[in-house]
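The values are calculated or read from the model by the stated rules, or taken from the named source; none is laboratory data. Keep in mind the model is a prediction, meaning the values are calculated, not measured. Positions of Cβ are backbone-derived with ideal geometry, glycine not excepted, and every protein chain shown enters the neighbour counts. Just the protein is used for accessible areas: all its heavy atoms, side chains included, with ligands, DNA and RNA removed. Shrake-Rupley method; radii C 1.70, N 1.55, O 1.52, S 1.80 Å.
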Amino acid sequence: MKNLCILFTLLLAFSCFSQEIEFGEVSKQELKESFHPIDSTASAAFLYKKRRTYYRYDQSKGFILVTEIHKRIKIYNKEGFDKATFKISTYKNGGSKEKVSSIKGYSFNLEGNDIKKTKLKKEHRFKEAVSDNRDIIKIVFPDVKEGTIIDLKYTFNSPFATNIDQINFQYDIPVNESDITIEYPEYYNFKKASKGYYSIPVISTKKRGSITFNSKTRSGDNSFTPGKTSYQSSTIDFTNHVDKYKASNIPALSSNEPYVYNIQNYRGGITYELSSTKFPNSRLRYYTTSWEDVSKKIYSFKGFGNEIDKTGYYKEELNNLIAKTTSPVEKMGLIFNFIKSKVTWNGKYGKYTQEGVKKAYKNGSGNVADINLMLTSMLRQANLTANPVLVSSKANGIPLYPTLDGFNYVISIVEFSNGSYALLDATEPYSIPNVLPTRALNWNGRKVTKEGYSTWVNLKSPKHSLEENFMKAIIDTDGSVSGFLRRKEKMLNALLSRKRLNNVNKEDIISKLEEKYNIEIEDLKITNQKKLGAPLNQMLKFTSDDLVEEINNKLYVNPFLFLTSSTNPFKSNVREFPVDYITPWQEANKISIQIPEGYKTESIPKKLAIGLPENLGFFKFVAIQQENTIRISSILQFNTSIIAPTYYNALKEFYSKIIAKQNEKIAFIKK
């Protein structure tokens, strides 16, 4: 009976959505729907999502890019309330600016057997300035409850006709019906690139378009003869390319799984990147044909190369800073640390400067480009071989083809005579050479030189991020445990821990560790918090009454004590996007457990050595008894930061075996 109800709901939904969707009209059946018929876990769903992007010609402004949007969303529960708020970003540059117009919307609710329709009003819309060049139009729908349907329609006008916004097929909620149309004149040539793991086949056609030019002239206008105005018009015909993407029942792609830095990178969609234009009576103009072209254009733009060339504002301080050394490595370290202490990152990304290097230096604050282009300039002035490296941040995705928009971040590289190099990001106070913050660790960067050359640079550190634990524990005859843990962290692990710990008082750190591990901490010492080149060390003394289980005069304890992992982080049967560890890493544990007095060992876990395909990673475990002590040693290591979905099942099984081994008990029996 339940299956028949679900089938009926699906057929009804298909019947509704196969018809033409009228804005401002919803059905009682849609309002009565209490859960999504395909994805019952969904907190909301797009019942309908329509987008049409096309070009309109304005005789005074040229081509204007117009995008018409219609979104209809069903909200099933309170977790979906955020889907009733929309943010539309608009850009302005000089006298040109994007505009949002014709905003219309309704909230629909079922009250008894009647449909209540609440209109979106002006007071439900807000404009927020987020920068000198960008505003946010915020729309907050009224009368939103569990079961509400919201209907939104608006038009987006942009004078920046070369930039078609990215097309998204997939979201964190299901899409019942998607209808997307992109139209562009023959004068524009776009490269199209798919993204994510869900695609919709394109249906491409052509249709005729035309532009009519109107003009007027006045003749014979003098003191003897009244003037005469004549009107002329001319028409130019052209071809419009039309791409259609239509699909039903698009599944949600959520980020419930671990090790996902930005789920947006993996949601299905497509991008349009302008590669060339050819207008009537004009020459062919290329935009982004190669990575060399992209690099040269970025270097030549205001706010990039010319900012590196500015040196007068820091020369005196730089000379004093490096006066006592000739070592290239020492010079680099002095300049790197000076910039980190001199200028604070304001949290803004960008490959072009926001304040300009001179103003950022004076005020002590700037965006990514302000800081790292300033760093590059100082390094060059100190006679080091330094260049900027263009980066796409983790949140920005991976640029798969030559594109100006693919990079939104910049760091610096210093190359030495022995062939080695150091990657530097002075926006991160706790970074060291070749250890970049997570936001910048995204595949490869593009080194660009003043001479116009560019090459790819691997952003990953050649060394594994490390966590090493050494624990010594004593088990009393009553089952209580006391001991100490010494933890050492290097590379990215140390950077992240310093960020987490350095601005927190000791009592709060102890409280969080006690809650996490279910232990009592008698003392905690942290060393090398500010000494960035050294490992970050933590030492804690602990006690616990919850680590040993007594059954029938036997004592049972996990070999990893409170460091034991009890659940597999990977729970989904299928994963369509990679596992992102950010960096290769290693976790090593050495644990010493003293056998309680009056007891002897009955059993200890057997050794285990397992690996992943293609040398992606391995796990080794050994437990042995030496006199009255059980010694456990383990290493978990991953040799890559990204594990492709192809290996997900192998990874899940790999973790299952690790968890099982960690939870095998050591058993002690009375002598």
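If you place +1 on the Cβ of every Lys and Arg and -1 on the Cβ of every Asp and Glu, how big does the dipole about the Cα centre of the stretch 569-671 come out, in debye to the nearest 20?
Computed about the Cα centre, the dipole is about 440 debye.
Could you give the nm distance between label points at S327 and K97, where each point is 7 Å from its Cα heading toward the beta carbon?
Label at S327, label at K97, 5.5 nm between them.
Which percent of the Cα-Cα distances in the chain go past 36 Å?
Taking all Cα-Cα pairs of the chain, the fraction more than 36 Å apart is 57 percent.
Among the lysines, which fall within straight-line cross-link reach of K661, defined as a Cα-Cα distance under 19 Å, with same-chain neighbours fewer than 8 residues apart omitted?
Straight-line reach from K661, under 19 Å: K571, K590, K606, K607, K620, K652.
List the aspartates and glutamates whose alpha-carbon lies under 15 Å from that of K145, not counting same-chain residues fewer than 8 positions away?
Candidates past the 8-residue exclusion: E30, E33, E79, D82, E111.
Given a 1.4 angstrom probe, what's the average accessible area per residue across the stretch 232-311, in square angstrom?
51
So which lysines pass the test for K302, namely a Cα distance under 16 Å, with those fewer than 8 places away in the same chain ruled out?
K302 reaches K310, K351, K358, K359, K450.
Roughly to the nearest percent, how much of the accessible area of the chain is carbon and sulfur, given a 1.4 Å probe?
Reported share for carbon and sulfur atoms: 48 percent.
P(r) tail for the stretch 252-315, what percent of Cα pairs lie past 18 Å?
Tail fraction, whole percent: 67.
Which entries of K394/K460; K472/K600; K99/K138; K83/K394 show an alpha-carbon separation above 20 angstrom in the structure shown?
Too far apart for the 20 Å limit: K83/K394.
How large is log10 I(q)/I(0) at q = 0.15, 0.22 Å⁻¹ when the Debye formula is applied to the Cα atoms of the stretch 553-671, each weighted equally and without solvent?
Debye output, listed in q order: -0.71, -1.22.
Taking the Cα centre of the stretch 354-451 as origin and charging only Cβ (+1 Lys, Arg; -1 Asp, Glu), how large is the dipole, in debye to the nearest 20?
Using only the charged Cβ atoms, the result is roughly 140 debye.
Counting only heavy atoms of the protein chains, get the accessible area per residue of the stretch 317-429 (1.4 Å probe) and round it to a whole Å² value.
That works out to 40 Å² per residue.
Suppose R0 equals 22 Å; then what is the FRET efficiency for S199 and T155 from their Cβ-Cβ distance, rounded to the nearest 0.05?
For R0 = 22 Å, the calculated efficiency reads 0.20.
Of all DSSP beta bridges located in the chain, what percent are antiparallel, nearest 5?
The antiparallel proportion sits near 90 percent.
Nearest 20 debye, what's the magnitude of the dipole of the stretch 395-500 about its Cα centre given +1 on Lys and Arg Cβ and -1 on Asp and Glu Cβ?
In debye, rounded to 20, the stretch 395-500 gives about 120.
Using 0.36 nm times the number of residues separating K127 and K472, minus their current alpha carbon distance, what extension gain do you get?
Here the answer is 118.3 nm.
For the stretch 38-151, what mean projected area does the convex hull of the alpha carbons give, in nm²?
The directionally averaged projection comes out at 9.4 nm².
Per residue, how large is the accessible surface of the stretch 72-151? Use a 1.4 angstrom probe and give square angstrom.
56
If a paramagnetic tag sat 7 Å from the Cα of T567 along the Cα-Cβ line, which residues of the stretch 235-273 would have the backbone N under 20 Å from that point?
The answer is 254-261, whose backbone nitrogens lie closer than 20 Å to the label point.
Given 0.36 nm per residue, what is the gain on full extension from S233 to N639 after removing their alpha carbon distance, in nm?
139.3 nm
What's the extension gain from N262 to R500 if we count 0.36 nm per residue and subtract their Cα-Cα distance?
This chain segment gains 83.6 nm when fully extended.
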